[in-house]
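Comments concern the structure below.
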């Protein structure tokens, strides 16, 4: 690397103007998605704080926040409804936040859409209890369901959604469709067959096939489980139409112009690979992508000094300064612990300076590596607007921290160290 | 339960199913792969399985997307072999139906009906039963001579937040399907998972959130009666300066540092010279570094409180590649021998 480092490539991506997005009253839903561990929840919360500060009446739907972050927003107790978070905002600006309780969300749907007796039967069904307690997929359905509910209430002018830490980051997009195809599918009719046999004379032939099939299923699942499933499906039957309609509506909501997707990533190969995949899927689904939030980006206030020069200078100092030791390259790792002699102040300062230079070299290497990773993403998707958030030394778990992140999101360029 | 730790890589009497979990972003796939390499020593054979359909292993080894088939992916130093398999729930179910019920065509009919889709994506837990079941099958598989086909199976598992539920799913399903083949299958898998044949390792970074999740994850695993193995601290950064040295630098030696930089050939030390201008940002970076060291120390003491054997793997300066993987495997072996 030459002096001056980080020569900006020809294909510098456009900047994502976060404040413009938040200030635009047409923006009604912001969905934060991305791989696990990249700071989705923190980003969603920080956007909420900033939006409220700029006069929006915002609600943040978090899926699985870290405990201390949840506490700082007062949403650590699960009651599945948004609560007001006290933040200083412009007139009209408010922040509400909630943490998704998927079982409660599912129960509420059942209670709202089935008569009391049927609802009781469903809630007591063992198959339902396992399903709602969060097996693979339930969280995704319920997150989308909750989003639909919040939107329908129309109490907020901006909804910011965090997405579940799924096995695939796209599960939440696929969940409503999957539910739909299941409900439309033949399988559900097979499951229901015993309940419906009789009424349809014309389906005799089909029914033979079906009873053979349920026989097979019974053999596989054990008769008791099959019966639980059948009872469940039968009890849910009347509700399925509603599920389907709402799933479709939510999906359309995600395609609507008022929705903005933010793909969140860290400048690491895995996270950005997933981000690229996401960008492609969103385009396929015709869902509006606002841009990429790149968290934990490193920068240096001394980036005019390259890693190579810093290392050479460090070696130079160590060799010159530690002449009485057998190897000048012993390095600071070992020598820093030794107390410097009273009369060799220069040696001590040289050692310290060499350490500073080695630290700097390491930082520059990190920056270069991050840049290479980002360049790969940018060359694949040069059209995607990007905002960068500088790496923080520690975790964020208070409103002041979220506000600081919000400022960095809006500034879009990491401040020099 | 066997006390974990004493003999991890060093002995034959080591858990045959090694499950590697960790918070997203901690590098659990990398650690799982390095572990598989480390275990494949002296002609041994390990199987590395992936259950999340992400093709992370193929990426890591620079191979093409893995098919649903066990395929040799690397040779370990000393001649051991690492095989890899990306478990696909649907294929695992069809296999299973074929194996136990000879349901070749009925399986296809079920698929056409959407039953397979239902089983692998919607039916509660079945997907996870299939994934864990396939891994356990590989653990127990023997060749004609009665020898285990794989000495070890290493699983790149779901993240910490979901690992207990994932591994424990068979318990729940065994309760749901109170008898019948699914019940039996679920119980057989659970027997392997809760035995000393299994060890669940959690990968973390020296940062607050991953460490907290690790602590929570261990508590959950223990409560569920699942065998906790080790904590693997990943991406540990070297420390170039201790705080005391740094404080001295910041307080007393600004001018001295500028002079030293100048002596090392980095421009003038006088006001406005390059060396002088470098002092401030370099000290700022050092202060950040010291802050991080402080945080890391706090996290280390949290980890120490967990009272589990720990491995530390260094952050690789050049980023992760195949050479880095072998380096990490070497490190794992070294640390297990040193114990």
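The values are calculated or read from the model by the stated rules, or taken from the named source; none is laboratory data. Keep in mind the model is a prediction, meaning the values are calculated, not measured. Using ideal geometry, Cβ is built from the backbone for each residue, glycine included, and neighbour counts are taken over all protein chains shown.
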>> Just to check your reading of the model, which residue among B:92, B:38, B:84, B:58 is closer than 21 Å to residue B:314 by Cβ and in contact (Cβ under 8 Å) with a residue 12 or more places away in the chain?
In response: B:38
> With A:362, A:407 as the choices, which residue is under 18 Å from residue A:49 (Cα atoms) and modelled with pLDDT under 95?
Replying inline: A:407
> Considering only residues of segment B:262-282 that are out of contact with any helix residue (DSSP H, G or I) (no Cβ under 8 Å at 6 or more places or on another chain) and part of a loop (DSSP other than H, G, I, E, B), which is nearest to the other protein chains (Cβ to nearest Cβ)?
Replying inline: B:272
> Residue check: is residue A:276 at pLDDT 90 or above, more than 30 Å from residue A:149 (Cβ to Cβ) and more than 10 Å from chain B (Cβ to nearest Cβ)?
Replying inline: yes
> Quick one: is residue B:202 modelled with pLDDT of 85 or more, within 27 Å of residue B:132 (Cα to Cα), within 14 Å of chain A (Cβ to nearest Cβ) and not in a helix (DSSP H, G or I)?
Replying inline: yes
>> For segment B:283-304: of the residues being touching a residue at least 12 places away in the same chain (Cβ under 8 Å) and over 30 Å from residue B:216 (Cα atoms), which is nearest to the other protein chains (Cβ to nearest Cβ)?
In response: B:286
> Looking at B:291, B:268, B:273, B:256, which one is closer than 22 Å to residue A:267 by Cβ, modelled with pLDDT under 90 and either surrounded by fewer than 19 Cβ atoms within 10 Å (Cβ to Cβ) or outside the structural domain of residue B:30 (by TED's automatic domain parsing) (or both)?
Replying inline: B:291
> Looking only at residues in segment B:28-44 that are away from chain A (no Cβ under 14 Å) and surrounded by 20 or more Cβ atoms within 10 Å (Cβ to Cβ), which one is farthest from the chain's Cα centre (by Cα)?
Replying inline: B:40
> Regarding residue A:383, is this residue modelled with pLDDT of 90 or more, in a loop (DSSP other than H, G, I, E, B) and either more than 9 Å from chain B (Cβ to nearest Cβ) or over 30 Å from residue A:88 (Cβ atoms) (or both)?
Replying inline: yes
> Among the helices (runs of 4 or more DSSP H) confined wholly to segment A:76-139, which include 2 or more residues that are assigned by TED's automatic domain parsing to the domain that holds residue A:172, in contact with a helix residue (DSSP H, G or I) (Cβ under 9 Å, 6 or more places away or on another chain) and modelled with pLDDT of 85 or more?
Replying inline: A:102-113, A:116-124
> Which numbered condition trips up residue A:74, out of (1) touching a residue at least 12 places away in the same chain (Cβ under 8 Å); (2) on the phi < 0 side of the Ramachandran plot; (3) under 22 Å from the mean Cα position of the chain (by Cα)?
Replying inline: (2)
>> What's the total number of residues in segment B:149-167 that are within 13 Å of another protein chain (Cβ to nearest Cβ) and either within 14 Å of residue B:70 (Cβ to Cβ) or in a loop (DSSP other than H, G, I, E, B) (or both)?
In response: 3
>> Please pick out the residue among B:137, B:172 that is outside any loop (DSSP other than H, G, I, E, B) and more than 14 Å from chain A (Cβ to nearest Cβ).
In response: B:137
> Do we have residue A:243 as within 13 Å of chain B (Cβ to nearest Cβ), touching a residue at least 60 places away in the same chain (Cβ under 8 Å), part of a helix (DSSP H, G or I) and buried (at least 17 other Cβ atoms within 10 Å of the Cβ) here?
Replying inline: yes
>> Condition check: more than 20 Å from residue B:189 (Cβ to Cβ), at pLDDT 90 or above and not in a helix (DSSP H, G or I). Does residue B:30 satisfy that?
In response: no
